[in-house]
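First up is the structure itself, then whatever we jot down about it.
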């Protein structure tokens, strides 16, 4: 099956990466005349999280295109069952997904589990790619600080390897700094 | 002297391996493999790669303050550059993890470590002929 292009967007906390990714997704949906599916990996665990989710939901509702939200804290490949006519998909975000996948295992993290989760996430993204017209992936920059905790190091390592692989597969990759997208890969459209 | 930096697990070493001809004659010293930082440069080799210099700086941060670490690294850098100057085929490539964008560490020695890294990296970048920032396998030449 043909694979849709991947657009990768990353940045620091509150860098405006999600807002930029939403714009990018809207643009794709208009260019390709396809609907939008928003895959939310975040779990609304506390009030702050609810507020953050609501804020982004409001932003999407204010836009002219219709956003269909699907919540997949884990097992993102299951989302394709809900797709219709190869939509443009925005997956927000990879760091939360990795967090959920590693924690849902509910046991001590190990190198083996981390590499299984790595394979699982890449396979899930590939399944989505085969069922959409464009896949936009949002992630976080969290690899510029040292942690003494081996579990955090393992998380960082898995995330870094995922980012490297996704950037390699991506048609376009952006690093958002203070709301300004810097194109790291791809041709300026 | 070339300096290659970027976040951890961003593919810095992989990029260096692909970019530079790494042969049997290349001396690749890695702090992650518990290699020691050479006090005297190996005069027989033409190409030396030092990987994970933040780890070596960390060893210093157990005993010294950030300013002293910076000063001692400046002497080292001087030695590196002199070694390179003696023969035009000689080439040193230094790889360092960027630790500068997290929250303030609780432990004082970690703060010293982070400060020293930032300073040493500034000095390396200033003295280097070429500086590369690696972002998930993609390089951005800063100098």
Tell me whether the stretch A:148-166 contains one or more residues that are assigned to a strand (DSSP E or B), within 14 Å of chain B (Cβ to nearest Cβ) and over 18 Å from residue A:69 (Cα atoms).
no
Under 20 Å from residue A:175 (Cα atoms), touching a strand residue (DSSP E or B) at 6+ places or on another chain (Cβ under 6 Å) and surrounded by 14 or more Cβ atoms within 10 Å (Cβ to Cβ), is that true of residue A:91?
yes
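When you look at residue B:75, is it out of contact with any helix residue (DSSP H, G or I) (no Cβ under 7 Å at 6 or more places or on another chain), more than 14 Å from chain A (Cβ to nearest Cβ) and surrounded by fewer than 20 Cβ atoms within 10 Å (Cβ to Cβ), yes or no?
In short, yes.
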Filter the stretch B:107-136 for residues that are within 10 Å of chain A (Cβ to nearest Cβ) and surrounded by fewer than 21 Cβ atoms within 10 Å (Cβ to Cβ); which is nearest to the chain's Cα centre (by Cα)?
B:110
Answer yes or no as to whether residue A:143 is over 29 Å from residue A:85 (Cα atoms) and in contact with a helix residue (DSSP H, G or I) (Cβ under 6 Å, 6 or more places away or on another chain).
yes
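Does the stretch A:17-34 hold any residues that are touching a strand residue (DSSP E or B) at 6+ places or on another chain (Cβ under 8 Å) and surrounded by fewer than 18 Cβ atoms within 10 Å (Cβ to Cβ), and which are they? Before the answer, list the steps.
Keep residues of the stretch A:17-34 that are touching a strand residue (DSSP E or B) at 6+ places or on another chain (Cβ under 8 Å), which gives A:17-18, A:20-22, A:24-26, A:28-29, A:32, A:34.
A:32 - this is the single residue of the stretch A:17-34 that is touching a strand residue (DSSP E or B) at 6+ places or on another chain (Cβ under 8 Å) and surrounded by fewer than 18 Cβ atoms within 10 Å (Cβ to Cβ).
If only one of A:123, A:114 is touching a helix residue (DSSP H, G or I) at 6+ places or on another chain (Cβ under 9 Å), assigned to a helix (DSSP H, G or I) and modelled with pLDDT of 95 or more, which one is it?
Values: A:114 fails: modelled with pLDDT of 95 or more.
So the residue among A:123, A:114 that is touching a helix residue (DSSP H, G or I) at 6+ places or on another chain (Cβ under 9 Å), assigned to a helix (DSSP H, G or I) and modelled with pLDDT of 95 or more is A:123.
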Looking at A:163, A:144, A:148 in this structure, which one is touching a strand residue (DSSP E or B) at 6+ places or on another chain (Cβ under 7 Å) and either touching a residue at least 40 places away in the same chain (Cβ under 8 Å) or at negative phi (or both)?
A:163
Number of the exception - residue B:39 against (1) within 14 Å of chain A (Cβ to nearest Cβ); (2) over 23 Å from residue A:159 (Cβ atoms):
(1)
Name the one entry in A:59, A:86 that is more than 14 Å from chain B (Cβ to nearest Cβ), within 27 Å of residue A:172 (Cβ to Cβ), part of a helix (DSSP H, G or I) and over 16 Å from the mean Cα position of the chain (by Cα).
A:59
For residue A:65, are the conditions met, namely being surrounded by 13 or more Cβ atoms within 10 Å (Cβ to Cβ) and over 18 Å from the mean Cα position of the chain (by Cα)?
yes
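Just checking, which of B:81, B:92 is away from chain A (no Cβ under 14 Å), buried (at least 17 other Cβ atoms within 10 Å of the Cβ) and within 22 Å of residue B:16 (Cβ to Cβ)?
On the way: B:81 fails: buried (at least 17 other Cβ atoms within 10 Å of the Cβ).
Checking each option against the conditions leaves just B:92.
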Taking the stated definitions as given, is residue B:50 surrounded by 14 or more Cβ atoms within 10 Å (Cβ to Cβ), in a strand (DSSP E or B), within 14 Å of the chain's Cα centre (by Cα) and free of Cβ contacts under 8 Å to residues at least 60 places away in the same chain?
yes
Just checking, which of B:58, B:101, B:14 is surrounded by fewer than 17 Cβ atoms within 10 Å (Cβ to Cβ), at pLDDT 95 or above, under 30 Å from residue A:12 (Cα atoms) and within 14 Å of another protein chain (Cβ to nearest Cβ)?
B:14
Within the stretch A:4-48, how many residues are touching a residue at least 60 places away in the same chain (Cβ under 8 Å), more than 17 Å from the chain's Cα centre (by Cα) and not in a helix (DSSP H, G or I)?
1
Restricting attention to the stretch B:62-88, which residues are at pLDDT below 95, in a helix (DSSP H, G or I) and either closer than 23 Å to residue B:139 by Cα or more than 17 Å from the chain's Cα centre (by Cα) (or both)?
B:85, B:86
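The values are calculated or read from the model by the stated rules, or taken from the named source; none is laboratory data. Given the structure is predicted, the values throughout are model-derived calculations rather than measurements. In this analysis, Cβ positions are derived from the backbone assuming ideal geometry, glycine residues included, and neighbour counts consider all displayed protein chains.
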